[in-house]
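Q: Pasting in a structure now, in structure tokens, and then I'll have a few things to ask.
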Amino acid sequence: EFKRLFNDTPINKILTIEASGIGIACVAAQYFDNVPVVFAKKSQTVNIDGEVYSTKIESFTHKRVYDVIISKKYLSSKDHVLIIDDFLANGCALNGLLDIAQKAGATVEGVGIAVEKGFQRGGELIRQKGIRVESLAIIESMDADSGNIVFKEQ
């Protein structure tokens, strides 16, 4: 579905963040002529050497701030990226990935989200920046007590 939605764009990399976005991004990449998936890590590891792009992201789920990094050898001004993630709530992770893409000079062709929490402001704020956001499902409302979820018709 992401390939269909972004078929008119020159995607040469898919960008996501560890960990939940990786699976979705890898499956989507197979349909974009096997473009590479680059993912931001939430901590420095031995397999990241050299210079990195970094940003701070506040996790809505874990209620903490992460220093998120990508090695500079994997993202550049030549790249046309599609950002893919599992959920979009407040947009903190997405803003962090947009910040890293901007630091690299990469062109963000759009954002693909599996599930957007439409009752939170993340999607609205990202779209106001002129970024194309395509969500496979948008939750219009959730009732924490009953567990009822209402999806937006698309």
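Q: Of the beta bridges DSSP finds with both residues in the chain, what % are antiparallel, to the nearest 5? Spell out each step's value before the answer.
A: On the way: 12 of 33 bridges.
Of the beta bridges lying entirely in the chain, close to 35 percent run antiparallel.
Q: Where is the GNM fluctuation largest for the chain (alpha-carbon springs, 10 angstrom cutoff): 79, 143, 99?
A: Ranking 79, 143, 99 by mean-square fluctuation puts 143 first.
Q: Per residue of the stretch 116-126, in order, report the coupling 6.51 cos²θ - 1.76 cosθ + 1.60 (Karplus, θ = phi - 60°) as ³J(HN,Hα) in whole Hz, putting x for Gly and Pro.
A: 9, 8, x, 7, 9, 8, x, x, 4, 5, 5
Q: Also: Based on Cβ point charges of +1 for Lys and Arg and -1 for Asp and Glu, what charge dipole magnitude is obtained for the chain about its Cα centre, in debye rounded to the nearest 20? Intermediate results must be reported in sequence, preceding the final value.
A: Working: 18 positive and 20 negative charges, 94 e Å.
Computed about the Cα centre, the dipole is about 460 debye.
Q: Which cross-chain or sequence-distant (5 or more) residues have an amide H under 5 Å from the amide H of residue 119, H modelled 1.01 Å from N in plane?
A: none
Q: Karplus couplings for the stretch 68-73 from phi (6.51 cos²θ - 1.76 cosθ + 1.60, θ = phi - 60°), rounded to Hz, Gly and Pro as x?
A: Listing the rounded values in order: 9, 9, 9, 4, 5, 6 Hz.
Q: Per DSSP H run of n ≥ 4, the term is -39500 (n - 2.57); total these for the chain, divide by its residue number, and report the mean residue ellipticity at 222 nm rounded to 500 deg cm²/dmol.
A: Working: 4 runs with 36 residues, N = 154.
Theoretical 222 nm ellipticity from helices: -6500 deg cm²/dmol.
Q: Have a look at 25, 93, 114 and tell me which one the Gaussian network model of the chain (Cα, springs below 10 Å) gives the largest fluctuation.
A: Of the options given, 114 has the highest mean-square fluctuation.
Q: Moving on. Skipping prolines and chain starts, which residues have an amide H placed within reach, meaning under 5 Å, of the one on residue 132, given they are 5 or more residues away or on another chain?
A: The answer is 111.
Q: Suppose every K and R has +1 on its Cβ and every D and E has -1 on its Cβ; what is the size of the dipole of the stretch 85-154 about the Cα centre, in Debye to the nearest 20? Before the final figure, lay out each step's value.
A: On the way: 7 positive and 11 negative charges, 70 e Å.
For this selection, approximately 340 debye.
Q: Related question: Which far-off residues, 5 or more places away or on another chain, put their amide H under 5 Å from the one on residue 138, with H placed in the peptide plane?
A: When sequence neighbours closer than 5 places are left aside, the close amide H contacts are 116, 152.
Q: Please work out whether the stretch 38-136 counts as rounded, prolate or oblate from its C-alpha gyration tensor, where a ≥ b ≥ c are the square roots of the eigenvalues and a/c under 1.5 means rounded, while otherwise a/b larger than b/c means prolate and anything else oblate? Walk me through the numbers before you get to the answer.
A: Numbers: a/c = 2.21, a/b = 1.36, b/c = 1.63.
Since a/c reaches 1.5 but b/c is at least a/b, the shape of the stretch 38-136 is classed as oblate.
Q: What is the total of Lys pairs in the chain with C-alpha atoms under 12 Å apart, excluding same-chain pairs fewer than 8 positions apart?
A: On the way: 13/78; 41/56; 42/56; 72/103; 117/152.
Within the chain, the lysine pair count is 5.
Q: HN-Hα J couplings of the stretch 84-98 from phi, Karplus 6.51/-1.76/1.60, θ = phi - 60°, integer Hz, Gly and Pro as x?
A: These are the phi-based 3J(HN,Hα) values: 10, 8, 7, 10, 10, 10, 8, x, 5, 4, 5, 4, x, 5, 4 Hz.
Q: Next question. Hey, what's the Kirkwood Rh for the stretch 67-113 if you take every pair of different alpha carbons, in angstrom?
A: On the way: mean 1/r = 0.0906 Å⁻¹.
When all Cα pairs of the stretch 67-113 are included, the Kirkwood radius is 11.0 Å.
Q: Which one, 6, 69, 50, projects farthest toward the positive side of the charge dipole computed for the chain from Cβ point charges (K/R +1, D/E -1)?
A: 50
Each value in this text was obtained by applying a stated rule to the coordinates, not by laboratory testing. In this text, all values refer to a predicted model and were calculated from it rather than measured experimentally. Don't worry about glycine lacking a Cβ; one is built from the backbone with ideal geometry, like all the others, and counts go over all protein chains shown.
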